[in-house]
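Here's the structure we're looking at; comments come further down.
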Amino acid sequence: MTLAVSVRLDEETQRALTLLEATGLSRSEAIREAILSAAVSARRRQALRAEVVALEADEDDRREMLEVAAFMEALRAEG
């Protein structure tokens, strides 16, 4: 099943669409590709946020991070 969508484009978005169409994509292909690309980026950001939350909750990792930071600071102070 396909879904038709209507959008209003501002000047910047229209220029971007024109640029994509200049690569040989049809208007529909360019829009579909842009939406899929945005979705992939959103999933990556979401996965990264989840990883950050997991690392922040890992007490062993946090302790090791603080130890490494203290060690690096000690090295810097000696030089």
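Read-outs throughout are calculated quantities, based only on the coordinates presented, and are distinct from any laboratory measurement. Computed from a predicted structure; not experimentally measured. Please note: Cβ atoms are built from the backbone with ideal geometry, for glycine as well, and neighbour counts cover all protein chains shown.
Here region 10-79 is assigned +1 on the Cβ of each Lys and Arg and -1 on the Cβ of each Asp and Glu. Its dipole about the Cα centre then comes out at about 420 debye.
Distance between the pseudo-spin-label points of Asp10 and Ala47 (7 Å out from Cα toward the beta carbon): 3.0 nm.
Based on the mean of other Cβ atoms within 10 Å per residue, sort peptides 22-31, 48-57 so the most packed one is first.
Most protected by this proxy first, the peptides run 22-31, 48-57.
Taking each DSSP H run with n ≥ 4 as -39500 (n - 2.57) and averaging over every residue of the chain yields -27000 deg cm²/dmol at 222 nm.
Against the set (1) 45, 24, 18; (2) 61, 35, 21; (3) 36, 30, 26, the structure's computed Cα extents along the principal axes in Å falls on (2).
Positive end of the dipole of the chain (Cβ unit charges, origin at the Cα centre): among Ala22, Phe71, Val52, the Cα lying farthest that way belongs to Ala22.
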